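This report refers to the structure that appears directly beneath it.
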Amino acid sequence: MSFNSLGLSEPLLKAISKKGYTTPSTIQQKSIPVILQRKDVIASAQTGTGKTAGFTLPLLQILSESKRPQNKPIRALILTPTRELAAQVYNNIKEYSEFVDIQSTVIFGGVNENPQIDALRRGVDILVATPGRLLDLHGQRALSLSQIEVLVLDEADRMLDMGFLRDIKRILLLLPEKRQNLLFSATFSKEIKLLAKGILYEPIVVEATPEQTTVEKIEQKVYRVEKDRKPAMTIQLIADGDWQQVLIFTRTKHGANRLTEKLNAKGISALAIHGNKTQSARTKALEGFKQGSIRVLVATDIAARGLDIPLLPHVINFELPNISEDYVHRIGRTGRAGASGEAISLVSQDEVAFLRSIEKLIGQTIPSEILPGFEPGAVYVKEIEAPRPPRQPHGSRNQSARSTNQGGFQKRSEKNYNKPNDGKRY
Ligand code: AMP
């Protein structure tokens, strides 16, 4: 299938070809025609599927086909959960709208609002916004949403995860009742369905690439490791593999900072990206990473959500996420635009339950391997060095029983660990 058959206008086709796209992705094939028919749409699509073009291209067409009202109102509102995603969507719109007469701008928190207010004053057709700054500027009467024709909720599941439900409800009250609604979400949870019910009118359900398909393209691996050896293992993986562009996920902001320091101390250039960083620090980190001046980006789930990092070869889960769906989002960074990637998870004993629920979600067992230098022997040595004697079977504490038990522990280790790729869960 080609873009020509989707009903898009010449100026948009020209922009698409300038971007170098030849074939529409699944989500684009399914969503563009129905959006052009002015239908409400609920689409399941994660980052990396081409969803942004899936809604921005038909949106640009709809707006450029109708006459702009005299007072130059905002005609389309795109809500996103994070600043990074807002900036990315806006950049895409700018590229796709090169040959149509449509004005757009982006507003988000963490930066000076005055340039944003100035841009709004000049009049825009499309506004990309995060909920907080939108309500803020609306409160200051810097913008009006009373003539919105199309509302897009991008990454709606993440907006709910981030606690934006109240803000979304407040924003809905500011919009005209008659409008087209498009809701994009990586997952269709109960909460998303409920939200959709309150917003969409007779929506067309578009299910793009099922998450499993994306996951299948990615080579996944688990390395079992003790918690405190994770930094050493990360350094070894990057150094031995000579990896030049690695995205690492940690569960906490502090964890991201600590690991970043350790990597830099070993001469591996790294920057952390998380909610405590200023907008300019986050932008700088992302830019450096994209350009290759920074080798490792260490991110928390929320900060990384929606980042456009094409063709990423390596993702490391320094810690597994406690929300299984986040694992799918994380590793989705490696399988973009048809390219395969490698996703490695460092799993300590306390994370085995997370691993199991992830495997249940993706319907596969992730192969477990041994990294040289991190053999289970290290675990064994540490156990016998510890002041507390190893746990005895049947409560026996005498010396001979202990040595028997050491043997038993060793045996268990061999059984459990020394079988690369045996697909067992530990
Ligand atoms: P998204 O899922 O919207 O974040 O897009 C993921 C990446 O795919 C972005 O880098 C887009 O520029 C790229 N992309 C979107 N549509 C296409 C297409 N039809 N062909 C090739 N790349 C695309």
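The values are calculated or read from the model by the stated rules, or taken from the named source; none is laboratory data. Quantities reported herein were computed from a predicted structural model and do not represent experimental measurements. Neighbour counts are summed over all protein chains in view; Cβ atoms, including those assigned to glycine, are modelled from backbone coordinates with ideal geometry. Ligands, DNA and RNA are stripped out before the accessible areas are found, and what is left, the full protein with its side chains, is counted by its heavy atoms. Shrake-Rupley method; radii C 1.70, N 1.55, O 1.52, S 1.80 Å.
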Working carefully through the options Leu145, Leu165, Leu120, Leu127, find the one that is buried (at least 23 other Cβ atoms within 10 Å of the Cβ) and either under 26 Å from Ala15 (Cα atoms) or of a type in the set (A, V, I, L, M, F, W, C) (or both). Leu127
When Pro73 is run through (1) within 28 Å of the chain's Cα centre (by Cα); (2) surrounded by fewer than 21 Cβ atoms within 10 Å (Cβ to Cβ), the failure sits at (1)
Going by the structure shown, is Phe3 within 12 Å of the ligand (Cβ to nearest atom) and touching a residue at least 60 places away in the same chain (Cβ under 8 Å)? no
Please determine whether any residue of segment 248-261 is open to solvent by less than 70 Å² (accessible area, probe 1.4 Å), in contact with a Leu (Cβ under 8 Å, 6 or more places away or on another chain) and under 20 Å from His329 (Cβ atoms). yes
Going by the structure shown, is Val106 of a type in the set (Val, Ile, Thr), within 30 Å of His138 (Cβ to Cβ) and surrounded by fewer than 23 Cβ atoms within 10 Å (Cβ to Cβ)? no
Residues in segment 50-60: is at least one touching a residue at least 12 places away in the same chain (Cβ under 8 Å), near the ligand (Cβ under 9 Å from one of its atoms), open to solvent by 40 Å² or more (accessible area, probe 1.4 Å) and not in a helix (DSSP H, G or I)? no
Could you please tell me which pairs satisfy a Cβ distance under 7 Å, a separation of 6+ or placement on different chains, a first residue in segment 92-105 that is in contact (Cβ under 8 Å) with a residue 40 or more places away in the chain, and a second residue that is open to solvent by less than 80 Å² (accessible area, probe 1.4 Å) and among the polar types (S, T, N, Q)? Asn92/Thr52; Asn92/Thr56; Tyr96/Thr56; Ser97/Ser104; Val100/Ser64; Ile102/Ser64
Going residue by residue through segment 33-47, is there one that turns out to be within 11 Å of the ligand (Cβ to nearest atom) and assigned to a helix (DSSP H, G or I)? no
Test Pro115 against the stated conditions and say whether it is within 21 Å of Lys178 (Cβ to Cβ) and either open to solvent by 20 Å² or more (accessible area, probe 1.4 Å) or among the hydroxyl-bearing types (Ser, Thr, Tyr) (or both). no
Report whether or not Leu85 is within 13 Å of the ligand (Cβ to nearest atom) and either assigned to a helix (DSSP H, G or I) or touching a Gly at 6+ places or on another chain (Cβ under 8 Å) (or both). yes
The residue from Gln61, Gln28 that alone is farther than 28 Å from Ala119 by Cα and either out of contact with any Asp or Glu (no Cβ under 9 Å at 6 or more places or on another chain) or not assigned by TED's automatic domain parsing to the domain that holds Glu202 (or both) is Gln28
Residue check, Leu8 against (1) farther than 27 Å from Val328 by Cα; (2) in contact with a Pro (Cβ under 8 Å, 6 or more places away or on another chain); (3) open to solvent by 20 Å² or more (accessible area, probe 1.4 Å); (4) of a type outside the set (Ser, Thr, Tyr), all met but one. Which one? (3)
Residue ID - nearest to Ala76 (Cα to Cα), chosen from residues in segment 30-46 that are out of contact with any helix residue (DSSP H, G or I) (no Cβ under 7 Å at 6 or more places or on another chain) and of a type outside the set (Lys, Arg): Asp40
Specify the residue that is modelled with the lowest pLDDT; the eligible residues are those in segment 329-356 that are under 20 Å from Phe184 (Cα atoms) and surrounded by 20 or more Cβ atoms within 10 Å (Cβ to Cβ). Arg336
